[in-house]
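Read the structure below first, then the notes.
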Amino acid sequence: MEVETPVNNVQRFRESQLMAKAELARRAGVSESTIDRIEAGKECRMETKRKILFALGLTVQESTKIFPRLRNGSRRAR
């Protein structure tokens with residue numbers, strides 16, 4: 001059985017900080033439905049990723065902890 005790798009680690013990091021989706025959305029200045037979509041693996045704009053990183057207390061340099069790159073260095077296709 002093949003285990004699917006998550007597209008991003010937003011939910012894992014959010015939960016490790018005991019943060020509700022609504023709290024992350026508020027801190028990032030986005031809607032809760034945006035957080036839902038991102039945690040479900042949907043793509044988002046770079047600016048939204050930046051807001052989420054900062055809301056989780058991370059820097060842009062740490063972005064691959066939340067939004068990992070593929071082996072060839074590119075982002076996942078939409």
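Rule-based calculations on the coordinates, nothing more; no lab input. Predicted model only: the values in this text are computed from it and were never measured. Using ideal geometry, Cβ is built from the backbone for each residue, glycine included, and neighbour counts are taken over all protein chains shown.
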Original post:
If we count every other residue with Cβ under 9 angstrom of Gln11's Cβ, Lys/Arg +1 and Asp/Glu -1, where does the sum land?
Top reply: +1
**OP:** Neighbouring Cβ atoms within 10 Å as the yardstick, rank Leu18, Leu53 fewest first.
**Re:** Leu18, Leu53
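Taking the Cβ-Cβ separation of Ala20 and Thr59 as r and a Förster radius of 25 Å, what is the calculated FRET efficiency to the nearest 0.05?
0.65
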Subject >> Inverse of mean 1/r across different Cα pairs in the range 10-66, Kirkwood, Å >> reply: 11.0
